[in-house]
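*Asks:* Handing you a structure now.
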Amino acid sequence: MMDYILLLLLAFFLTNLFTPLVIRMATRYGFLDRPRPPRNLHTQPVAKLGGTAIYLATAICIGIFWLTG
């Protein structure tokens with residue numbers, strides 16, 4: 001049970017680590033959702049790659065779980 005809690009915490013910290021990096025990368029390469037009223041509610045460009053940070057953290061944790069048995 002402790003293994004699952006540690007993997008959950010690792011996924012949480014990795015997601016928090018990767019999110020700013022992914023936002024910076026999306027801004028640098030132009031992967032942004034620009035506001036188009038009235039369709040969008042946001043007023044500034046928003047990064048489109050937000051799920052990438054979650055995917056990377058989850059994939060790393062699944063890999064660790066798979067490798068350690």
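*Asks:* For the chain, what relative contact order do you get, as a whole percent, if you take Cα pairs closer than 8 Å and at least 6 residues apart?
*Replies:* 39 percent
*Asks:* Lys/Arg Cβ at +1, Asp/Glu Cβ at -1, dipole of the chain taken about the Cα centre: which of LEU67, PHE13, GLY50 is farthest positive-ward?
*Replies:* GLY50
*Asks:* Of all the C-alpha pairs in the chain, what % are more than 20 Å from each other?
*Replies:* Counting every Cα pair in the chain, those more than 20 Å apart make up 44 percent.
*Asks:* Now a separate question. Pull up all non-local amide H partners of ALA47: gap of 5 or more, or a different chain, and H-to-H distance under 5 Å with H placed in the peptide plane.
*Replies:* Amide H to amide H, under 5 Å and 5 or more residues apart or across chains, ALA47 pairs with ASP33.
*Asks:* Going by alpha carbons, how many degrees (0 to 90, nearest 10) lie between the helix axis of 2-29 and the longest principal axis of the chain?
*Replies:* So the helix axis and the longest Cα principal axis differ by about 30 degrees.
*Asks:* Expressed as an acute angle from 0 to 90° and rounded to the nearest 10, what is the orientation of the C-alpha long axis of helix 50-68 relative to the principal long axis of the chain?
*Replies:* Taking the Cα atoms of the chain, the angle to 50-68 is about 10 degrees.
*Asks:* Now for a different question. Nearest 20 debye, what's the magnitude of the dipole of the chain about its Cα centre given +1 on Lys and Arg Cβ and -1 on Asp and Glu Cβ?
*Replies:* With only Lys, Arg, Asp and Glu charged at Cβ, the dipole is about 500 debye.
*Asks:* Taking only Cα atoms and a 10 Å spring cutoff, compute GNM fluctuations for the chain and point out the largest among LEU32, LEU41, LEU21.
*Replies:* With Cα springs under 10 Å in the chain, the top fluctuation among LEU32, LEU41, LEU21 is at LEU41.
*Asks:* Ignoring ligands, DNA and RNA, what accessible area per residue does the chain give at 1.4 Å, in Å²?
*Replies:* Here the residues of the chain average 83 Å² of exposed surface.
The values are calculated or read from the model by the stated rules, or taken from the named source; none is laboratory data. The structure presented is a predicted model; accordingly, all values stated were derived computationally and were not measured. Note: ideal-geometry Cβ built from the backbone for every residue, glycine included; neighbour counts use all protein chains shown. These accessible areas exclude ligands, DNA and RNA; they are computed on the full protein's heavy atoms, side chains included. Shrake-Rupley method; radii C 1.70, N 1.55, O 1.52, S 1.80 Å.
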